[in-house]
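Since the structure comes first, as structure tokens, the remarks are kept for the end.
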Amino acid sequence: MEIYMKMSEIASLLDAKVLCCEELIEHEVHSACGSDMMSDVLAYVKNQAVLLTGLVNPQVIRTAEMMDMRCIVFVRNKMPSPEMLELAADASIVVLATKMRMFEACGRLYSGGLMPQEV
């Protein structure tokens with residue numbers, strides 16, 4: 001049985017700010033992954049996932065777009081540049097930012113019912 005979670009619920013669980021594509025915040029996702037290595041994301045992530053990362057560069061947005069991801073959560077108070085937010089808006093990717101560290105953010109989403117990617 002797959003469990004879905006609205007991105008608005010993710011934002012609430014992580015006490016996150018919506019930085020991009022707020023109009024899509026009620027869409028659902030069914031899995032999440034946390035990584036600062038985009039090569040791992042490319043190797044293991046499937047579509048409709050949430051990416052949690054502390055890596056802040058345009059490659060994060062491009063990787064998420066390639067993998068059909070719908071949401072990126074920047075952890076540890078990391079903030080994407082305006083150029084990154086523009087790339088995300090063009091790709092219709094919701095961007096969130098939280099003060100939490102990746103471990104806590106992933107734990108909260110898991111406890112809230114969002115599942116990890118199947119490998």
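The values are calculated or read from the model by the stated rules, or taken from the named source; none is laboratory data. Keep in mind the model is a prediction, meaning the values are calculated, not measured. Because the Cβ atoms are built from the backbone with ideal geometry, glycine has one as well, and the counts that use them run over all protein chains shown. These area figures cover heavy atoms from the full protein model, side chains too; ligands, DNA and RNA do not enter into them. Shrake-Rupley method; radii C 1.70, N 1.55, O 1.52, S 1.80 Å.
If you count, for each residue, the other Cβ atoms within 10 Å and average over each peptide, how do 93-100, 51-58, 105-112 line up from highest to lowest? Walk me through the intermediate numbers first.
Details: 93-100: 22.1, 51-58: 18.8, 105-112: 17.1.
Descending packing order for the listed peptides: 93-100, 51-58, 105-112.
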key: Computed E for V56/M115 - FRET, C-beta separation, R0 30 angstrom, nearest 0.05   = 0.70
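Dipole of region 73-116, Cα-centred, from +1 at each Lys and Arg C-beta and -1 at each Asp and Glu C-beta, to the nearest 20 debye?
340 debye
Could you tell me which chymotrypsin sites (Phe, Trp or Tyr not before Pro) in region 1-85 are loop residues by DSSP with no more than 15 other beta carbons within 10 angstrom of their beta carbon?
Values: sites: Y4, Y44, F74; in loops: Y4.
Those that pass, being in a loop and sparsely packed, are Y4.
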message = Tell me the mean residue ellipticity at 222 nm calculated for the chain from its helices only (DSSP H runs of n ≥ 4, each -39500 (n - 2.57), averaged over every residue, nearest 500).
response = -9500 deg cm²/dmol
request  = Taking only protein heavy atoms into account and a 1.4 Å probe, give the accessible area per residue of region 2-84 in Å².
outcome  = 50 Å²
inquiry  = Under a crude label model (7 Å from the Cα following the beta-carbon direction), how far is K99 from A43 in nanometres?
reply    = 3.5 nm
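For a Förster distance of 25 Å, can you work out the FRET efficiency between the beta-carbons of Y4 and S92, rounded to the nearest 0.05?
Numbers: r = 18 Å, r/R0 = 0.72.
Efficiency, from the Cβ-Cβ distance: 0.90.
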request  = Measure off, as a whole percent, the carbon and sulfur share of the 1.4 Å-probe accessible area of the chain, all protein chains present.
outcome  = 51 percent
ask   = How large is the dipole of the chain about the Cα centre if only Lys and Arg carry +1 and Asp and Glu carry -1, each at its Cβ, rounded to the nearest 20 debye?
value = 420 debye
task = Just need log10 I(q)/I(0) for the chain at q = 0.18, 0.23 Å⁻¹, Debye formula, equal scatterers on the alpha-carbon atoms, no solvent, rounded to two decimals.
result = -0.81, -1.47
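Any idea what the dipole of region 1-60 comes to, in debye rounded to 20, about its Cα centre with Lys/Arg Cβ at +1 and Asp/Glu Cβ at -1?
Working: 3 positive and 9 negative charges, 30 e Å.
Charge dipole, region 1-60, about its Cα centre: 140 debye, nearest 20.
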